[in-house]
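Enquirer: The structure's right below; bear with me while I get my questions together.
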Amino acid sequence: MTAGELGRRVGGAVLVVLLVSVLAALLVNLVPGDAASVIAGEAATEEQLAAIRERLGTDQPIYLQYSNWVGDVLSGDLGTSLITDRPVLDLLLVAAPPTLTVTALASLLAVVVGIGLGAVAGIRRGSITDRVASLVSTLGIAMPSFWVGLILVSVFAFTFRLLPATGYVGLADGAGPWLVHALLPATALGLATAAEIARQTRSGVSDVFDRPYIKTARAKGVPTGRLLRRHVARNAAIPVVTVLGLQIGRLLGGVIVIESVFGIPGLGTLAVSAVLSRDLPVIQGYILLITLVVVAINFAVDLTYRWIDPKVQA
């Protein structure tokens, strides 16, 4: 990647972050109510509300609030929560690990299950295995993640008592306890992504196996495993990488519901609380963090394209 292309991509990423932050600020201010009403309570007078708004700075025009926020962000300050009076950066740093680790585990499970199921279905196209895999993929896409989460809790937490129903344990307390608490929410979150990856993998593997050179190699007795490693995997990987890159945003959005189901104190819980209390600095900080994560993942996907298929760069 040349310096000019890198500069264009960085400039595009900055523009995306700015547009998303502007839309977030506008949409939040269109919602009735404000942080002053939440702080003062229902019995507050207009004079009390005006004093609180002046203290918080929410009585200023929206463009002035936004420009002040951008200036603070450029200096490394994400602002202070209007409700808790804590630095937004501290709130994000506390809430980010549960969300990001559960999302990462969900992505890993989706890749392993999706590629495995799709590859088997693609190799045995038209068989009973293929039909079962297609049915499972369709069901996985159709079922809402929160409903899957409730079913998993009912079966594995209440019926068999194998895994905890709620709560979260950080990696700092041990990989085992973390995995025990993160497995159910990650499974519920990653099921739809696994199903979509399985469909794309099945399609890619089937397409590659239909090519003449693969048919010739199979006719000569080349083992299927060797064909998968040397020829099929790389050719079928592009659509899988594309789907995973697109699904990351969906996973980060869906984790809000999953955190509510499993009682995880993550970014989703923080965002919902901030929206209900009209805590604009926290909302903007949350959106900024999620946007940066999605932009970084899309950039990584682009680099992966170039590694898998050099023709993409050409």
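Enquirer: Name the residues in the stretch 276-295 that are surrounded by fewer than 20 Cβ atoms within 10 Å (Cβ to Cβ) and farther than 14 Å from VAL20 by Cβ, would you?
Expert: Matches in the stretch 276-295: LEU276 only.
Enquirer: In the stretch 190-209, which residues are open to solvent by 50 Å² or more (accessible area, probe 1.4 Å) and more than 23 Å from TYR305 (Cβ to Cβ)?
Expert: LEU191
Enquirer: Give the stretch 127-142 a look and list any residue that's within 18 Å of THR103 (Cα to Cα) and open to solvent by 60 Å² or more (accessible area, probe 1.4 Å), or say none.
Expert: ILE141
Enquirer: Now for a separate question. Going through the stretch 244-254 one residue at a time, which ones are more than 15 Å from LEU108 (Cα to Cα) and crowded, with 16+ Cβ neighbours inside 10 Å?
Expert: The answer is GLY254, and nothing else.
Enquirer: Quick one: ARG229 ticks every box in (1) farther than 30 Å from ILE151 by Cβ; (2) touching a helix residue (DSSP H, G or I) at 6+ places or on another chain (Cβ under 6 Å) except a single one, so which number is it?
Expert: (2)
Enquirer: Given the options ILE115, ILE52, name the one that is more than 28 Å from the chain's Cα centre (by Cα) and open to solvent by less than 80 Å² (accessible area, probe 1.4 Å).
Expert: Going through ILE115, ILE52 in turn, just one is more than 28 Å from the chain's Cα centre (by Cα) and open to solvent by less than 80 Å² (accessible area, probe 1.4 Å): ILE52.
Enquirer: Let me ask another. Kindly provide the set of residues from the stretch 201-214 that are over 21 Å from VAL241 (Cα atoms) and touching a helix residue (DSSP H, G or I) at 6+ places or on another chain (Cβ under 8 Å), ordered by number.
Expert: Of everything in the stretch 201-214, those that are over 21 Å from VAL241 (Cα atoms) and touching a helix residue (DSSP H, G or I) at 6+ places or on another chain (Cβ under 8 Å) turn out to be TYR213, ILE214.
Enquirer: Which of the residues belonging to the stretch 1-32 are more than 30 Å from ARG306 (Cβ to Cβ) and either charged (D, E, K, R) or assigned to a loop (DSSP other than H, G, I, E, B) (or both)?
Expert: Passing the criteria: VAL31, PRO32.
Enquirer: Hey, another quick one. Being modelled with pLDDT under 90 and of a type in the set (S, T, N, Q): is that true of THR129 here?
Expert: Considered against the rule, which asks whether it is modelled with pLDDT under 90 and of a type in the set (S, T, N, Q), THR129 comes out as yes.
Enquirer: Okay, moving on. Among all residue pairs at least 6 apart or on different chains, which show Cβ distances below 9 Å where the first residue, located in the stretch 138-160, is within 14 Å of ALA186 (Cα to Cα) and the second is β-branched (Val, Ile, Thr) and not in a helix (DSSP H, G or I)?
Expert: That search, which allows pairs on different chains as well, returns VAL153/THR166.
Enquirer: OK, next. Can you confirm whether the stretch 166-182 contains a residue that is under 15 Å from VAL261 (Cα atoms), buried (at least 17 other Cβ atoms within 10 Å of the Cβ) and in contact (Cβ under 8 Å) with a residue 24 or more places away in the chain?
Expert: Yes, there is a match, as at least one residue in the stretch 166-182 is under 15 Å from VAL261 (Cα atoms), buried (at least 17 other Cβ atoms within 10 Å of the Cβ) and in contact (Cβ under 8 Å) with a residue 24 or more places away in the chain.
Enquirer: Suppose the filter is assigned to a helix (DSSP H, G or I), free of Cβ contacts under 8 Å to residues at least 40 places away in the same chain and either loosely packed, with under 15 Cβ neighbours inside 10 Å or among the charged types (D, E, K, R) (or both); does ASP90 pass it?
Expert: For ASP90, the condition - assigned to a helix (DSSP H, G or I), free of Cβ contacts under 8 Å to residues at least 40 places away in the same chain and either loosely packed, with under 15 Cβ neighbours inside 10 Å or among the charged types (D, E, K, R) (or both) - is met.
Enquirer: If I go through the stretch 299-309 residue by residue, how many of them are in contact with a Gly (Cβ under 6 Å, 6 or more places away or on another chain) and open to solvent by 60 Å² or more (accessible area, probe 1.4 Å)?
Expert: 0
Enquirer: So ILE264 clears everything in (1) buried (at least 16 other Cβ atoms within 10 Å of the Cβ); (2) of a type in the set (Val, Ile, Thr); (3) within 23 Å of THR99 (Cα to Cα); (4) at pLDDT below 90 except one condition, right? Which one?
Expert: Here ILE264 meets the rest and fails (4).
Enquirer: Among the residues of the stretch 34-49, are any exposed (fewer than 15 other Cβ atoms within 10 Å of the Cβ) and closer than 24 Å to TYR286 by Cβ?
Expert: There is no residue in the stretch 34-49 that is exposed (fewer than 15 other Cβ atoms within 10 Å of the Cβ) and closer than 24 Å to TYR286 by Cβ.
The values are calculated or read from the model by the stated rules, or taken from the named source; none is laboratory data. Remember, predicted model here, so these are calculated numbers, not experimental data. Don't worry about glycine lacking a Cβ; one is built from the backbone with ideal geometry, like all the others, and counts go over all protein chains shown. Accessible surface areas use protein heavy atoms only, side chains included; no ligands, DNA or RNA. Shrake-Rupley method; radii C 1.70, N 1.55, O 1.52, S 1.80 Å.
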